[in-house]
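K.L.:
This is the structure, below, for whatever I ask next.
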Amino acid sequence: MQKIVIGNWKMHGDPAMAHTLALQVADVADKCTEKAEVVLCPPAILVLQLATWLVGSAVKTGGQDCHIQPEGAFTGDTSAAMLKQVGCKYVLVGHSERRKFHHETNADVRNKAARAIKTGLIPVICIGETEEERNAGKAKDVLGEQIRECIPEEAISHNFILAYEPVWAIGSGKTPTADDILLMHDYIISLTAKRTGLDLEQIHVLYGGSVKGDNAREILAIEGVGGVLVGGASLKSEEFCRIIQAA
Ligand code: PGA
């Protein structure tokens, strides 16, 4: 299975920075296409330009969120169709920052993922426990609930991806141990197989949370880790390119 390396720029960037970074990333990523699929998820306003600059490169573009409805009176939102029309292949759904700051529920995430699939985008469905939930010994329960409630019926092989992002690892510089990641990915894959009826090998789960140039190789070597979802380190060309090379 090709590793997938996704850069989530969050609410960072401007056209000049995006142009430079996209070309630098493409230069490295285009030499690694057999082993890694590289995806950049810029803020919505930069998606069109980024996709245009990346024509002719293997680097794919993704949105950071999409609306549940195909279109309508939803001020400030972006539809899955709009992302698709400007050249996106992927869209993140249910990132913990969307859940926290926009109060998205598991049902919202499932509906967004379903909309993405119906539109021909691959949703990257983000799941993960908070520090509080982990300390209370509830990490697996929370993940189980998210898997049951966030994966839509439309999910069949290769039209969706999961990203396991422990909330406490995002932007904190803290990561779970390799054993922990192995255990959690194994759990997520087997539960998703039960939930969808897919074979274990058909389920693609990325790890996210404080992935850097220094730890990418170790994390990507863990069984069951199908790639990485990178926040902060994806804004620094050299750092992100090291992660691509690790994949
Ligand atoms: P981080 O963010 O790499 O900065 O921890 C990951 C994410 O939020 O997807």
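K.L.:
I want the local charge near Ala51. Using Cβ-Cβ distances under 15 Å, sum +1 for each Lys or Arg and -1 for each Asp or Glu among the other residues.
P.N.:
On the way: positive: Lys60, Lys84, Lys89; negative: none.
Residues near Ala51 contribute +3 overall.
K.L.:
Can you compute the helix-only [θ] at 222 nm over the chain? Use -39500 (n - 2.57) per DSSP H run of at least 4 residues, normalise by all residues, nearest 500 deg cm²/dmol. Don't jump to the answer; show the numbers that get you there.
P.N.:
Values: 10 runs with 102 residues, N = 247.
Roughly -12000 deg cm²/dmol at 222 nm, from the helical runs in the chain.
K.L.:
Now, a different point. Sorted by mean Cβ packing within 10 Å, highest first, what order do the peptides 60-66, 97-103, 85-91 take? Before the final figure, lay out the partial values.
P.N.:
On the way: 60-66: 23.4, 97-103: 13.6, 85-91: 19.6.
Going by the mean number of other Cβ atoms within 10 Å, highest first, we get 60-66, 85-91, 97-103.
K.L.:
Ratio to report: Rg/Rh of the chain, with Cα atoms as the point set and Rh obtained by the Kirkwood method; give two decimals. Mind showing how you got there, number by number?
P.N.:
Numbers: Rg = 16.6 Å, Rh = 17.8 Å.
Ratio value, two decimals: 0.93.
K.L.:
So, one more: Can you pick out the pairs among Lys89/Lys236; Lys118/Lys212; Lys118/Lys236; Lys194/Lys236 whose Cα atoms lie more than 29 Å from each other? Write down the numbers at each step before the final one.
P.N.:
Details: Lys89/Lys236 23 Å; Lys118/Lys212 33 Å; Lys118/Lys236 34 Å; Lys194/Lys236 38 Å.
Flagged as over cut-off: Lys118/Lys212; Lys118/Lys236; Lys194/Lys236.
K.L.:
Amide H of Gly208: which non-local residues (sequence gap of 5 or more, or other chain) have their own amide H closer than 5 Å, using H built in the peptide plane?
P.N.:
Tyr164, Glu165, Leu229
K.L.:
Let me ask something else. Which percent of the accessible heavy-atom area of region 23-128 goes to carbon and sulfur, probe 1.4 angstrom? Intermediate values should be presented prior to the final figure.
P.N.:
Numbers: 2610 of 4870 Å².
Of the solvent-accessible surface of region 23-128, carbon and sulfur hold 54 percent.
K.L.:
State, as an integer percentage, the relative contact order of the chain based on alpha-carbon contacts under 8 Å between residues 6 or more apart.
P.N.:
Working: 506 pairs, mean separation 50.6, N = 247.
After rounding, I find 20 percent.
K.L.:
Near Ser234, within a Cβ-to-Cβ distance under 14 Å, what is the net charge of the other residues, with Lys and Arg +1 and Asp and Glu -1?
P.N.:
Details: positive: Lys10, Lys60, Lys212, Lys236, Arg242; negative: Glu165, Glu238, Glu239.
My count for the surroundings of Ser234 gives +2.
The values are calculated or read from the model by the stated rules, or taken from the named source; none is laboratory data. Here the structure is a predicted model, which is why all the values come from computation and not from measurement. With ideal geometry, Cβ positions are generated from the backbone for all residues, glycine too; neighbour counts draw on all protein chains shown. Surface areas here come from the heavy atoms of the whole protein model, side chains and all, with no ligands, DNA or RNA. Shrake-Rupley method; radii C 1.70, N 1.55, O 1.52, S 1.80 Å.
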